[in-house]
Amino acid sequence: MKKLWLTGAVLAAGLALGGIAQAQIKLGVAGPITGPNAPFGAQLKNGTELAVKNINAAGGILGQQLSVEVGDDVSDPKQGVSVANKFVGDGVTMVVGHFNSGVTIPASEVYSDNGVIFITPSATNEKVTDRNLWNAFRTCGRDDQQAKVWSDFIVANFKGKKIAIVHDKTTYGQGLATNAKKFLNEAGVTETIFEGVNVGEKDYSAIVTKMKGEGADVLVWGGLYTEAALILKQLRDQGMNTVMLSGDGITSADFATIGGDAVIGTLMTFPPKPENIPANAAIVKQFKDTGFNPEAYTFYSYAAVEIFKQAAEEAKSVDPQKMAEVMHSGKVFHTVLGDLSYDKKGDLTKAGYVLYTWKKGPDGKIDYFQNPS
């Protein structure tokens with residue numbers, strides 16, 4: 001912190017002496033820019049960069065312009081810590097990221113120790129905020145909130161059916177699966193399978209054969225879209241009509257690209273699509289004019305930057321500690337996701353998960369569509 005404070009003081013003095021009108025606020029965005037989860041990294045990067053562009057065009061934050069530094073963690077915890085340390089060394093004070101829970105948790109310790117505030121658009125594991133760090137926030141919900149929606153839906157709609165719970169052994173996937181098992185067991189439902197598979201494999205015949213042997217009607221999947229799509233394809237190849245129920249980790253068009261027709265009928269939880277909010281039409285157009293489709297976490301990243309701006313303005317300071325105090329105060333932030341506020345841990349006071357079904361739209365393209373409430 002002393003280094004950052006000294007740098008800021010020297011910079012401010014230099015600006016005053018040099019007559020330069022504005023200083024820069026360094027903001028980082030971190031996620032899997034390369035690797036198999038790069039589509040999610042692109043969402044974080046594009047959402048953050050457009051928000052910064054629009055805020056700068058409107059005068060910045062407290063008269064200061066923002067610059068964006070991009071960190072590629074490749075969904076790897078060690079690389080995430082390296083990115084976090086680089087951000088600190090470069091004078092970054094606010095971060096949008098990381099994408100994966102297993103990366104966000106260790107990186108958050110670096111940020112906490114070095115005076116950096118962060119908002120993750122996507123890391124849902126409870127440990128992100130349950131450690132009560134001063135600087136941890138998210139624009140998404142939590143694993144336990146999402147898994148409870150899964151459990152309630154299964155109890156109401158799949159009575160007497162055989163349930164398999166499979167996860168990808170990551171912090172995120174296993175957290176979702178464990179929570180789903182807990183809530184289902186509490187509701188009197190006992191799964192026939194609870195197992196983990198390895199990320200990055202191509203052949204999931206072992207778990208598929210086991211599900212076929214058990215006659216699994218529903219597959220509760222804790223993990224990301226690549227493995228989900230491959231498992232579904234292999235289930236269909238085995239003549240299985242098992243319905244997958246999963247969450248925010250499959251909210252990518254690449255789920256359908258990889259899985260094709262095998263993903264049709266998949267059930268998924270995610271909050272209402274912000275790109276469908278009429279007030280966001282101009283921003284959607286801005287994204288699409290650049291050739292980018294703003295799905296899933298794009299707007300969750302955009303909202304994070306909006307929150308930073310409003311917190312700083314309320315605090316009358318870009319000091320991360322003072323911004324965090326405002327964010328923990330219950331203040332309502334007006335964002336592209338709607339009105340948001342935080343509890344004392346940094347969780348949203350309302351997560352708002354709804355159910356979607358992957359199916360073919362009128363244009364013949366496979367996409368996820370919100371179920372009627």
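Being assigned to a helix (DSSP H, G or I) and buried (at least 16 other Cβ atoms within 10 Å of the Cβ) is the filter; apply it to segment 55-70 and report the residue that is nearest to the chain's Cα centre (by Cα). Give the steps one after another, and end with the answer.
First, the residues of segment 55-70 that are assigned to a helix (DSSP H, G or I): 55-57.
Add one more test, that the residue is buried (at least 16 other Cβ atoms within 10 Å of the Cβ), and what stays is 55-56.
On the way: Ile55: 22, Asn56: 24 Å.
The qualifying residue nearest to the chain's Cα centre (by Cα) is Ile55.
Restricting to segment 343-373, what's the tally of residues that are on the phi > 0 side of the Ramachandran plot and within 19 Å of the chain's Cα centre (by Cα)?
To start, the set of residues in segment 343-373 that are on the phi > 0 side of the Ramachandran plot comprises 346, 352, 364.
The next check asks that each one be within 19 Å of the chain's Cα centre (by Cα); those that pass are 346, 352.
The qualifying residues number 2.
When you check Ala216 against the structure, is it at pLDDT 95 or above, out of contact with any His (no Cβ under 9 Å at 6 or more places or on another chain) and closer than 22 Å to Tyr353 by Cβ, yes or no?
Numbers: at pLDDT 95 or above: yes; out of contact with any His (no Cβ under 9 Å at 6 or more places or on another chain): yes; closer than 22 Å to Tyr353 by Cβ: no.
Taking the combined requirement at face value, the residue does not satisfy it.
Quick grid of which residues meet (1) crowded, with 24+ Cβ neighbours inside 10 Å; (2) outside the structural domain of Asn280 (by TED's automatic domain parsing); (3) among the aromatic types (Phe, Trp, Tyr); (4) part of a strand (DSSP E or B):
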{"residue": "Lys86", "(1), (2), (3), (4)": "no, no, no, no"}
{"residue": "Val95", "(1), (2), (3), (4)": "yes, no, no, yes"}
{"residue": "Ser112", "(1), (2), (3), (4)": "no, no, no, no"}
{"residue": "Thr124", "(1), (2), (3), (4)": "yes, no, no, no"}
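Can you tell me which residue among Ile307, Ile264, Ile283, Ile258 is assigned by TED's automatic domain parsing to the domain that holds Val318, in contact (Cβ under 8 Å) with a residue 12 or more places away in the chain, surrounded by fewer than 23 Cβ atoms within 10 Å (Cβ to Cβ) and not polar (S, T, N, Q)?
Values: Ile307 fails: surrounded by fewer than 23 Cβ atoms within 10 Å (Cβ to Cβ); Ile264 fails: assigned by TED's automatic domain parsing to the domain that holds Val318; Ile258 fails: assigned by TED's automatic domain parsing to the domain that holds Val318.
Step by step, each of Ile307, Ile264, Ile283, Ile258 is checked, and only Ile283 is assigned by TED's automatic domain parsing to the domain that holds Val318, in contact (Cβ under 8 Å) with a residue 12 or more places away in the chain, surrounded by fewer than 23 Cβ atoms within 10 Å (Cβ to Cβ) and not polar (S, T, N, Q).
Of Lys233, Lys210, which residue is more than 28 Å from the chain's Cα centre (by Cα) and part of a helix (DSSP H, G or I)? Give the derivation first.
Working: Lys233 fails: more than 28 Å from the chain's Cα centre (by Cα).
That would be Lys210, the only listed residue that is more than 28 Å from the chain's Cα centre (by Cα) and part of a helix (DSSP H, G or I).
Condition check: surrounded by 17 or more Cβ atoms within 10 Å (Cβ to Cβ) and farther than 22 Å from Leu348 by Cα. Does Val155 satisfy that? If you could, list the steps in order and put the result at the bottom.
Values: surrounded by 17 or more Cβ atoms within 10 Å (Cβ to Cβ): no; farther than 22 Å from Leu348 by Cα: yes.
It is false that Val155 is surrounded by 17 or more Cβ atoms within 10 Å (Cβ to Cβ) and farther than 22 Å from Leu348 by Cα.
Here are the criteria: (1) over 24 Å from Ser151 (Cα atoms); (2) surrounded by fewer than 22 Cβ atoms within 10 Å (Cβ to Cβ); (3) in contact (Cβ under 8 Å) with a residue 60 or more places away in the chain; (4) of a type outside the set (S, T, N, Q). Tell me which single one Lys273 does not satisfy.
Lys273 satisfies every listed condition except (1).
When both residues are 6+ apart or on different chains and their Cβ atoms are under 6 Å apart, which pairs have a first residue that lies in segment 314-326 and is in contact (Cβ under 8 Å) with a residue 40 or more places away in the chain and crowded, with 20+ Cβ neighbours inside 10 Å, and a second that is of a type outside the set (Phe, Trp, Tyr) and not in a helix (DSSP H, G or I)?
Correct list of pairs: Val318/Ile25; Pro320/Thr93; Pro320/Gly115; Pro320/Ile117; Met323/Ile117; Ala324/Ile117; Ala324/Asn135.
Would you tally the residues in segment 76-116 being in contact (Cβ under 8 Å) with a residue 24 or more places away in the chain, of a type in the set (S, T, N, Q) and more than 19 Å from Val305 (Cα to Cα)?
Total satisfying the criteria: 4.
Mind listing whichever residues of segment 57-75 are free of Cβ contacts under 8 Å to residues at least 12 places away in the same chain and within 17 Å of Ala311 (Cβ to Cβ)?
Listed by number, the residues that qualify are Ala58, Gly59.
Tell me which residues, restricted to segment 234-274, are of a type in the set (Phe, Trp, Tyr) and farther than 17 Å from Tyr353 by Cα.
The first filter runs over segment 234-274 and keeps only residues of a type in the set (Phe, Trp, Tyr), leaving 255, 270.
Across segment 234-274, the qualifying residue is only Phe255.
Please determine, by comparing only the residues of segment 130-163 that are free of Cβ contacts under 8 Å to residues at least 40 places away in the same chain and part of a loop (DSSP other than H, G, I, E, B), which one is nearest to Asn114 (Cα to Cα).
Arg131
Out of Thr178, Thr209, Thr190, report the one residue that is surrounded by fewer than 21 Cβ atoms within 10 Å (Cβ to Cβ), under 16 Å from Leu235 (Cα atoms), out of contact with any strand residue (DSSP E or B) (no Cβ under 6 Å at 6 or more places or on another chain) and of a type outside the set (Gly, Ala, Ser).
Numbers: Thr178 fails: under 16 Å from Leu235 (Cα atoms); Thr190 fails: under 16 Å from Leu235 (Cα atoms).
Only one candidate passes the filter, namely Thr209.
From (1) outside any strand (DSSP E or B); (2) under 15 Å from the mean Cα position of the chain (by Cα); (3) within 25 Å of Thr34 (Cα to Cα), pick out the condition that doesn't hold for Gln174.
Only one criterion is unmet by Gln174, namely (2).
The values are calculated or read from the model by the stated rules, or taken from the named source; none is laboratory data. Worth saying up front: this structure is predicted, and the values here are computed from it rather than measured. Note: ideal-geometry Cβ built from the backbone for every residue, glycine included; neighbour counts use all protein chains shown.
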